[in-house]
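The values are calculated or read from the model by the stated rules, or taken from the named source; none is laboratory data. Just so it is clear, the structure is predicted and the values come from calculations on it, not from any experiment. Positions of Cβ are generated from backbone atoms using ideal geometry, with glycine treated the same way; all protein chains shown enter the neighbour counts. Note: areas computed on protein heavy atoms with side chains; ligands, DNA, RNA excluded. Shrake-Rupley method; radii C 1.70, N 1.55, O 1.52, S 1.80 Å.
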Amino acid sequence: MIRDFTDDEARRALVLKWGMAAADEIPAWVAEMDYALAPPVAEALADAVALGMTGYPPFETGGELGKAYAGFAARHYDQDVDPGQVLPVVDVTAGVRFALDVLSDEGPMVMPGPAYSPQLEVAQVTGRERVDLLLDPDADRAEIDLDHLDRLFADGARTLLLTQPHNPWGRVFTRAELEGIRDVVVRHGARVISDEIHAPLVLPGAEHVSYLAIDGTADHAVAVVASSKAFNTAGLRCAQIITTDPATRDRLVNVPMVRNDSWSTLGVVAAVAAYNHGDPWLAALVQRLDEQRSLLASLLAEHLPQARMRPLEATYLVWLDLRAYGHDEAAQLIRDRGRVWLFDGSDYQAGLAGHVRLNIATSPERLTEIVHRMAAALAS
Ligand SMILES: Cc1ncc(COP(=O)(O)O)c(C=O)c1O
């Protein structure tokens, strides 16, 4: 059910990831998958274009999109979502910025890092300071340090940007961890924005719990979700903010339209099709990613035995510690010598040396070639 793009197809379809790569490069950087669209999504889009559905989307909470997301959340996360509390936004990062701007107090925003790089500036563009809660690269398990979080709030931070599941940590936070976070947040009367874009991509062995499903979070949290990462439709511009209390929803809805008006009709069509009809394709995708995860582990053991791979509980984005190979700017070296395009760890945490993020949502053959090229580059 998962159809791999050929190189030519990928170059035509993924105009950023592949289109910007040189002819001899394998791109494994930006979070897009080298797979053809899920048929129900492709068909819904083709039908919508044939019908001329290229005008403005309706301004509404709930609607078809709200119902579709509520159904998806119930089936996949056993989560009760009120369709009327599903608010469209242009994309997840815009939703994070919007929620921060409208809902949060003025003080700094805590960002666990290394963090998804485009969001590193989100606090700043809303006039807030970002304070980092950085993972120790030598820590056995990637966890949010609650004592540190407590100190940052005590020092004046007012919002936590949670990424659940986390990119690039690869972690899916457990209910107990989320409850621990909730306790600290409540103690300080702070807010949480939970970026849950990767929730559909939880791999076997882990289970997604939305921060909103934790008791006592309704009055201080929103989640920002999308089908775009799991269904490869990021260019269609549609994400959703989920609220659990009407007062929060009303604060987001009752803003001047210009603050939140740019999601697209085709994005809504794709999201509704993915949520309503995408389950079989998504199951096949998760199985493929699980296989890619195992393949990568065996390729690393054979060809890059000193690489340290953080356990990948969700996403197709692997965080690799290559410090043992002694190159600070590992991604640049691998690109120059191996012609594989990865993200460097320093993109996610300024100054972090020797780490890379590798996108494994490709064919087994390409993943094998990527690791061979990385090993050769690091050895030379
Ligand atoms: C954690 C996280 N949030 C948001 C995004 C981007 O989402 P959007 O394009 O909807 O802003 C990504 C992309 O990979 C991501 O990893």
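Just a few scattered comments:
- When the range 135-224 is reduced to its Cα atoms, the Kirkwood hydrodynamic radius in Å: 13.4
- Percentage relative contact order, the range 55-277, counting C-alpha pairs under 8 Å, at least six apart: 27
- Highest GNM mean-square fluctuation among PRO112, PRO165, PRO246, for the chain modelled with Cα contacts below 10 Å: PRO246.
- Rg [Å, one decimal], Dmax [Å, integer] - the range 55-277, C-alpha atoms: 16.3, 51
- Dividing the mean sequence gap of close Cα pairs (under 8 Å, 6+ apart) by how many residues the chain holds gives a relative contact order of 22 percent.
- The trypsin sites (Lys or Arg not before Pro) of the range 137-238 that DSSP puts in a loop, and whose beta carbon has at most 16 other beta carbons within 10 Å, are ARG141.
- Alpha-carbon centroid distance for the pair the range 345-380 / the range 109-169, whole angstrom: 24
- List PHE343, PHE231, ordered by accessible area with a 1.4 Å probe, largest first: PHE343, PHE231
- Mean projected area in nm² (Cα convex hull; one quarter of hull surface) for the range 281-378: 5.9
- Computed with a 1.4 Å probe over protein heavy atoms only, the accessible surface of the chain comes to 40 Å² per residue.
- Largest accessible area first, the residues ASP101, ASP8, ASP78 order themselves as ASP78, ASP8, ASP101 under a 1.4 Å probe with ligands, DNA and RNA left out.
- Once the Cα gyration tensor of the range 165-281 is diagonalised, semi-axes √(5λ) in Å: 25, 22, 11
- Cβ-defined net charge surrounding MET309, 14 Å radius [Lys, Arg +1; Asp, Glu -1]: +3
- Cβ charges +1 (Lys, Arg) and -1 (Asp, Glu), total dipole of the range 55-277, debye: 640
- Each stretch of four or more DSSP H residues adds -39500 (n - 2.57); spread over every residue of the chain, this sum gives -11500 deg cm²/dmol at 222 nm.
- TRP169, TRP341, reordered so the largest accessible area comes first (probe 1.4 Å): TRP341, TRP169
- The accessible surface of the range 115-273, taken with every protein chain in place and a 1.4 Å probe, is 48 percent carbon and sulfur.
- By a 1.4 Å probe calculation restricted to protein chains, THR233 has an accessible surface near 10 Å², given to the nearest 10.
- The fraction of accessible area contributed by carbon and sulfur in the range 300-380 is 49 percent, rounded to a whole number (1.4 Å probe; ligands and nucleic acids excluded).
- GLU207 contributes about 140 Å² of solvent-accessible surface, heavy atoms of the protein only, 1.4 Å probe.
- Cβ-defined net charge surrounding GLY19, 9 Å radius [Lys, Arg +1; Asp, Glu -1]: +3
- With contacts taken as Cα pairs under 8 Å at a separation of at least 6 residues, the range 56-155 carries a relative contact order of 19 percent.
- Three semi-axes describe the equivalent ellipsoid of the chain; taken as square roots of 5 times the Cα gyration tensor eigenvalues and ordered largest first, they are 32, 27, 18 Å.
- Options GLY113, SER228, ALA48, ranked by Cα towards positive dipole end of the chain, top entry (Cβ charges): ALA48
- Antiparallel bridge percentage (DSSP; both residues within the range 55-277; nearest 5): 30
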